[in-house]
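The values are calculated or read from the model by the stated rules, or taken from the named source; none is laboratory data. These numbers come from a predicted model, not from an experiment. Every residue, glycine among them, receives a Cβ derived from its backbone with ideal geometry; neighbour counts consider all protein chains shown. Heavy atoms of the whole protein, side chains included, go into the accessibility calculation; ligands, DNA and RNA do not. Shrake-Rupley method; radii C 1.70, N 1.55, O 1.52, S 1.80 Å.
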Amino acid sequence: MAHMSNELPKIGTYHLTVDPFNVDFTGHLTIGMLGNQLLNCAGFHANERGFGISRLNEEDYTWVLSRMAIEFDDLPMEYQHFTVNTWIESVMRLFTGRNFEIQDQLGRTIGHAKTMWAMINVQTRKPADLLSIGDGGIVKWIHTEKECPIDGPSRIKVAADQPSDTIRVKYSDIDINGHLNSVRYIEHILNLFDLSYYKSHCIRRFEIAYIAECLFDDELALYQSCDDGDTFSVEIRKTASNEVVCRSKIWFKERI
């Protein structure tokens, strides 16, 4: 017999496998694909508990990712199994906080992520009051007993005044909402760094803050600044209006 949603645990646990086409030249899962898997697990968790996108779409609402911070010691390699645990940490009127724990195939914790989400009206694109949707039913899924021991997303400032690159939003960048896919932002940002740098360095923490939506054929300029040593900040702006659409910060460490 299927579980009723209110019989489910507050933490969702999902077992995944790294496909060979989701790894980089080192054989490890890419940050973009890790982000993609975390968002999938968030969707599974929400759907099973009655506040997923398919349910919200019936009332003209949807979830949008606002911020994400991922920190890890290691990443799984191709064909390896890994586990994602996810839970709701907090619910405010306009935002909800969701945490993740990443475990390798031996059950060791190798990373964590913190995310912030908003619910918006599909027609108006305006934020919805989370406490009024479904009589605030999401609140009963808050879980504060499990720790997520990384810092939340920080305030990101980019000092650069000249773009490092420009891109145009094309077919493969677009998601089901007709906007630039949240994972494609990550991939475009990480493409700013040379392969030679990735051969000597690996990422230990990645943050991204989504500010505005981008559409097909928008031209975007990527501004990059080195904060100190191996820490970089990136800002993406629309070239036509100079509107900031996204900010990111990446912490690298030397490969051992």
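Residues of region 91-125 that are without any contact (Cβ under 8 Å) to a residue 24 or more places away in the chain, among the polar types (S, T, N, Q) and not in a strand (DSSP E or B): Thr124 alone.
Results for (1) among the acidic types (Asp, Glu); (2) within 23 Å of Phe44 (Cα to Cα); (3) in contact with a strand residue (DSSP E or B) (Cβ under 7 Å, 6 or more places away or on another chain), shown as yes or no for each residue.
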{"residue": "Arg93", "(1), (2), (3)": "no, yes, no"}
{"residue": "Arg98", "(1), (2), (3)": "no, yes, yes"}
{"residue": "Ala113", "(1), (2), (3)": "no, yes, yes"}
{"residue": "Asn121", "(1), (2), (3)": "no, yes, yes"}
{"residue": "Lys126", "(1), (2), (3)": "no, no, yes"}
{"residue": "Asp129", "(1), (2), (3)": "yes, yes, no"}
{"residue": "Lys140", "(1), (2), (3)": "no, yes, no"}
{"residue": "Val158", "(1), (2), (3)": "no, no, yes"}
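Close contacts from region 148-162, counting a first residue that is at pLDDT below 95 and surrounded by fewer than 16 Cβ atoms within 10 Å (Cβ to Cβ) and a second that is charged (D, E, K, R) and not in a loop (DSSP other than H, G, I, E, B), with Cβ to Cβ under 6 Å and a gap of 6+ residues or different chains, come to Gly152/Lys114. Every test in (1) open to solvent by less than 50 Å² (accessible area, probe 1.4 Å); (2) in contact with a Lys or Arg (Cβ under 9 Å, 6 or more places away or on another chain); (3) more than 18 Å from Tyr210 (Cβ to Cβ); (4) part of a helix (DSSP H, G or I) is passed by Ala42 save one, and that test is (3). For the condition within 27 Å of Asn85 (Cβ to Cβ) and free of Cβ contacts under 8 Å to residues at least 60 places away in the same chain, Ile176 qualifies. Among the residues of region 202-256, those identified as under 21 Å from Val169 (Cβ atoms) and in contact with a Pro (Cβ under 7 Å, 6 or more places away or on another chain) are Ala209, Ala221, Leu222, Tyr223. Note on region 51-79: residues that are buried (at least 16 other Cβ atoms within 10 Å of the Cβ) and out of contact with any strand residue (DSSP E or B) (no Cβ under 7 Å at 6 or more places or on another chain) total 2.
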